[in-house]
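All remarks here apply to the structure that follows.
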Amino acid sequence: PSNGLRLSQKISTYFVEPPVPMSGVLVVHEGDAVKAYRVDAQPGEVPAVPAATEAQMRAAPVDGARRGESVGASGLPVVLLFAVLGGLILNLMPCVFPVLAMKAMSVMQAGGETAALNRRHALAYTAGVVLSFIAVAALLMGLRAGGKALGWGFQLQSPGFVFALSAVIFAMGLSLSGLAHFGSSWMGAGQRLAARPGMTGSFFTGVLAVIVASPCTAPFMAPALGFALAQPAAIALLVFAALGLGLALPFLLLGFLPRLAALLPRPGAWMETFKQLMAFPMYLTAVWLLWVLGGLTSRDGMALALFGLVLVALAMWLWGRSRGGMGQGLAIVVLVAAASLSLHPTLREAGPASASSVSNWEPYSDARFDQLRAEGRSVFVDFTADWCLTCKLNE
């Protein structure tokens with residue numbers, strides 16, 4: 001028709017069979033509006049389509065598009081629901097559990113506080129989670145707009161970031177073990193919740209929960225993330241905010257429904273034992289991050305990271321034994337030295353991907369892929385990441 005839209009695609013030389021019926025989804029971006037149409041194409045002669053003006057194309061889409069349904073505002077509530085559910089289930093993932101256990105302890109210890117103060121802590125934690133998700137989404141969309149092929153958890157592709165995260169997790173484990181209460185205020189633990197730093201602690205506990213959640217994905221997250229990254233910025237940020245709301249929802253409900261908090265165990269001496277026990281999942285998480293770092297760099301990179309963790313332990317030991325003055329100053333110097341290792345070339349340049357232990361696998365390269373396609377050979381690409389716990393479980 002004169003008011004239609006024609007799409008043409010040359011047949012790839014990779015396929016030697018005659019054309020077959022093709023179906024799919026055509027996504028059309030018109031400003032901030034996004035519409036998707038189901039397309040069912042049959043092989044055969046294609047009639048000529050006269051040139052149409054932009055107004056005509058908007059006024060009357062092609063016949064196949066008329067049979068489709070718009071994926072716009074009508075489908076957004078469902079995606080937001082999936083996002084909230086995905087964030088809620090994310091609380092059960094192994095990478096998130098240790099941080100949430102510490103947050104649960106702080107809630108139990110704060111049981112004697114006023115309802116208003118508990119609500120403020122819940123809102124501060126929720127703000128930390130939601131704003132962190134939005135920040136990750138904004139950074140991700142900015143990098144993708146610059147041509148980067150990135151997705152959820154992209155920051156764990158940076159060796160320096162992985163080292164920094166392993167150092168933070170290791171320091172938290174040492175703090176839980178009682179080596180030093182270094183940074184306990186911003187982690188939101190202990191009776192400091194009643195003071196102003198405790199509110200800041202609730203916020204940054206939410207930030208930390210998002211950081212450690214990045215290696216995991218939960219059911220319902222994949223469709224929500226896939227939808228978000230194909231949408232305009234406003235809708236994408238809204239979906240990521242819904243993911244954050246789902247992750248923060250349990251503690252948000254505890255803050256606004258005191259009866260739920262009454263179901264938690266009463267505070268007591270057992271909490272100190274439980275706190276020390278929670279150090280071991282932190283150590284295991286640090287070990288796993290070092291394994292990821294070794295895959296990104298080399299044995300030298302892993303050794304350098306281990307040296308950095310020793311410096312972190314030394315800094316915390318000095319801090320715990322000091323009451324101020326020169327001892328704590330020396331601890332800060334050692335901690336700065338550990339942090340500076342993230343700028344070392346060994347931890348800034350990712351090493352080459354290694355081939356699988358199976359003999360007929362080889363590292364991926366565009367040139368090799370194009371060569372095999374030109375030869376008419378089938379190629380299976382194993383696209384995964386060591387840091388993706390869900391990927392490793394599926395494998």
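General remarks:
- Solvent exposure of C95, expressed as accessible area, is near 10 Å², computed with a probe of 1.4 Å over the protein chains only.
- Cα gyration tensor shape of the stretch 248-294, rounded if a/c is under 1.5, else prolate or oblate by comparing a/b with b/c: oblate
- Ranked by the mean number of other Cβ atoms within 10 Å of their residues, highest first, the peptides 360-371, 329-340, 292-303, 377-388 fall in the order 292-303, 329-340, 377-388, 360-371.
- In this simple spin-label model, placing a label point 7 Å from the Cα along the Cα-to-Cβ direction at both L131 and R119 gives a separation of 2.0 nm.
- Packing-based order for 309-317, 239-247, 158-166, using average beta carbon neighbours within 10 Å, highest first: 239-247, 158-166, 309-317
The values are calculated or read from the model by the stated rules, or taken from the named source; none is laboratory data. Predicted model, so just to flag it, every value in this text is computed and none were measured. Methodologically, a virtual Cβ is constructed for each residue, glycine included, from the backbone with ideal geometry; neighbour enumeration extends over all protein chains shown. Side chains are part of the model used for accessible areas, which takes the heavy atoms of the whole protein and leaves out ligands, DNA and RNA. Shrake-Rupley method; radii C 1.70, N 1.55, O 1.52, S 1.80 Å.
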